[in-house]
Amino acid sequence: MEQFGYTLEELMPVTAELAAAFTGHEHSSVTYENAQRLMEAVLYCINECEKNSSYALRSDHFDAKEAYQCGQKIVIEKAKELHKLYQVLITDFDDYGCDCLKDTIVHGIPVFLQRYDTKFAPQETLLTLDYPVLDDAVSSSGIDRVLEYVRCVSLEQQFLRPFDRAYVIGILRSYHEKYEILIENICVIVLQNLIGHMMLDKPIHGREFDSEDFAHAEIILKDKSGEEIQIYLVRMLHILVERYYGSDTTLYHYLCRAILDMAVRIKCSLQNHSLDKIFLI
């Protein structure tokens, strides 16, 4: 059996050396569970080395120990990057009253930063990360998943920041009276409302949608297929990001991940003449 091109015979000495450090070099035996966890730590670090473009060409010449050491350095650097990113995020972070978002960012991430073990358990995520982001790397774990998660929340904060807090909360409250307890992405709720404004060429902070607006929106959308609605929404999103965010491509591509589900919801709302559930204020 091979992992990342290394045989078990090549991986075992690396794991044994890590196990010795784990026990403080007092004895050589560890439980089966700990041995398995330490092997996972070794493989996690080797994978970090394998997928890092800076090391990709050189990794073919690494033995298992060198690949592990290379990956371990990358893990440590990512942990430092997460700490810096979180410090920037938390400085003016706003959960907009969303309990799930607050619990995850204000309480959860500091726990991860305090408890994350870059040496003996880099593969462990430690948190459930309950607040749903648009680009959650659920197939990854450890520092990779948490770092990407915080990047996503940082982009969402960037998206919401230009708008008055009361305005954002007003949209969320119109969506659900008790939005605070929902486990939903608040960015999507606000985004679909703003796209309604772009669609109807209404000022972002203008008057609320009325029956004429919904009738006009139905005329614009009713003959479009699901795919055509997606294309149309992408165009509206592009205008929104260009107008209010200086054509920030990273933010644009992140928000694009909400378009498919949004198109499905709009299509269903068209069939039920209930666009007022999508375009709120």
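The values are calculated or read from the model by the stated rules, or taken from the named source; none is laboratory data. Small disclaimer: the values here were computed from a predicted structure and weren't measured. A quick note on method: Cβ atoms are made from the backbone with ideal geometry, for glycine too, and the neighbour counts reach across all protein chains shown. Ligands, DNA and RNA are excluded from the accessible area calculation, which covers all protein heavy atoms including side chains. Shrake-Rupley method; radii C 1.70, N 1.55, O 1.52, S 1.80 Å.
Residues that are within 25 Å of V241 (Cβ to Cβ) and either open to solvent by 40 Å² or more (accessible area, probe 1.4 Å) or not aliphatic (A, V, I, L, M) (or both) do occur in the stretch 138-148. Comparison of S141, S154 shows that the only residue that is in contact (Cβ under 8 Å) with a residue 24 or more places away in the chain, among the small types (G, A, S) and in contact with a Ser or Thr (Cβ under 6 Å, 6 or more places away or on another chain) is S141.
Quick grid of which residues meet (1) modelled with pLDDT of 95 or more; (2) surrounded by fewer than 17 Cβ atoms within 10 Å (Cβ to Cβ):
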| position | (1), (2) |
| --- | --- |
| D63 | no, yes |
| Q72 | yes, no |
| V75 | yes, no |
| H83 | yes, yes |
| Y86 | yes, no |
| D94 | yes, yes |
| I105 | yes, no |
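Of everything in the stretch 135-168 that is part of a helix (DSSP H, G or I) and among the basic types (K, R), the residue that is farthest from Y232 (Cα to Cα) is R145.
Just one of the listed residues (I231, I181) is without any contact (Cβ under 8 Å) to a residue 40 or more places away in the chain, open to solvent by 10 Å² or more (accessible area, probe 1.4 Å) and at negative phi, namely I231.
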